[in-house]
Amino acid sequence: MQNPITIALSKGRIFEETVPLLQKAGIEILDNPETSRKLILNTNNKNTRVIILRPTDVPTYVQYGAADFGIAGKDVLMQHGEMGLYQPLDLEIAQCKMMVAVKKGVDYQKVSSIGSRLRVATKYPDIAKKHFAKKGVHVDIIKLYGSMELAPLVGLSDAIVDIVSTGNTLQANNLVPVEFIMDISSRLIVNKASLRLKYQTIQPIIDAFSSL
Ligand code: ATP
Ligand code: PRP
């Protein structure tokens, strides 16, 4: 009999972009998380289920083995750390960039010059700290959980570190991107013990994903 498998996903863009990948591996999810309140979704295989989590919780469930594998953004993985996680594949989905942005008209070179102190609002404090440390810029990091674009508009911060894709959100809020930090995409993450113990079931799924 096939080992039971639990797959951790988040709702929204990761779920939508993962459905076709799972289909290639022969896995059809039978519920829609956008219309159902269920957090455990059945699939066409009675030994395979999908659990729906906040994006930042996906690595935690996989790390502790509550899920065998999952999909998470590089942003989330960099904040979480890599302990207990095997990352065999960049799936190249949910692609975007991590950027520094400021209010239109702000002289970024001046406010971020050596010797000044920049207030940076972000959901990604570790990424932001590392970036500014490399540049030798002193920063006060203000940790937020969303709507970062608001912070410079109401005087909470001088700059933000956030994800940019089309640039529409920055533009709508009178902000401009001023510095690229890194490209972001989502990766397959696998619990190391699960891979060992359930190799016969998990490896074919990884192979199906990698052949796309
Ligand atoms: P939460 O729901 O906890 O606030 P979130 O809004 O970042 O988290 P999603 O929007 O589903 O959650 O993002 C999931 C992943 O997709 C992120 O971790 C990031 O890697 C990527 N992502 C975020 N925003 C975009 C975007 N606008 N375009 C493409 N990829 C994105
Ligand atoms: C992300 C990010 C930006 C936006 C950028 O938000 O936090 O606000 O996408 O995308 P754009 O450059 O295409 O406008 P998301 O869509 O995930 O919304 P949320 O953070 O409010 O969930």
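Read the figures in this text as sums done on the coordinates, not as results from a lab. It should be emphasised that the depicted structure is a prediction, and the values quoted were computed from it without experimental measurement. No Cβ is skipped: glycine too gets one built from the backbone with ideal geometry, and neighbour counts run over all protein chains shown.
With runs of 4+ DSSP H residues as the only contributors, calculate the mean residue ellipticity of the chain at 222 nm using -39,500 (n - 2.57) per run, divided by the residue total and rounded to the nearest 500.
Working: 9 runs with 67 residues, N = 212.
Taken over the chain, the calculation gives -8000 deg cm²/dmol.
Report the local net charge at I14: Lys and Arg +1, Asp and Glu -1, summed over other residues whose C-beta lies under 14 Å from its C-beta.
Working: positive: K11, R13, R54, K74, R187; negative: E16, E17, E34, D57, D75, D90, E92.
Neighbour charge sum, excluding I14 itself: -2.
How many percent of DSSP beta bridges within the chain run antiparallel, rounded to 5?
Values: 28 of 45 bridges.
For the chain, the DSSP antiparallel bridge percentage is about 60.
Quick one: net charge around G136, please, counting Lys, Arg +1 and Asp, Glu -1 for every other residue with C-beta under 15 Å from its C-beta. Working shown, then result.
Values: positive: R117, K129, K130, K134, K135; negative: E179.
Residues near G136 contribute +4 overall.
Trypsin sites (Lys or Arg not before Pro) within the stretch 104-212: which are DSSP loop residues with at most 13 other Cβ atoms inside 10 Å?
Values: sites: K104, K110, R117, R119, K123, K129, K130, K134, K135, K143, R187, K192, R196, K198; in loops: K104, K123, K198.
Answer in residue order: K104.
Would you calculate the convex hull of the Cα atoms in the chain and tell me its volume per residue in Å³?
It comes to 125 Å³ per residue, whole-number rounded.
Identify which of L39, L89, L150 has the largest mean-square fluctuation in a Gaussian network model of the chain, with springs joining Cα atoms closer than 10 Å.
Greatest mean-square fluctuation among the candidates belongs to L39.
Give me the tail of P(r) for the stretch 97-183 as a percent: Cα-Cα pairs with distance above 20 Å. Please report the intermediate quantities before stating the final value.
Details: 816 of 3741 pairs.
The share of Cα pairs beyond 20 Å in the stretch 97-183 comes to 22 percent.
Given a 10 angstrom Cα cut-off, can you work out which residue in V154, V58, V106 is the most mobile in a GNM of the chain?
V154
Note down the net charge around Y145, summing +1 for each Lys or Arg and -1 for each Asp or Glu among other residues with Cβ under 11 Å from its Cβ. Let's see the in-between values first.
Working: positive: R54, K123, K143; negative: none.
Neighbourhood net charge equals +3.
Hand me the trypsin sites (Lys or Arg not before Pro) from the stretch 1-63 located in a DSSP loop with no more than 16 other Cβ atoms within 10 Å, in residue order please.
Details: sites: K11, R13, K24, R37, K38, K46, R49; in loops: K11, R37, K38, K46.
Hits after loop and neighbour filter: K11, R37, K38, K46.
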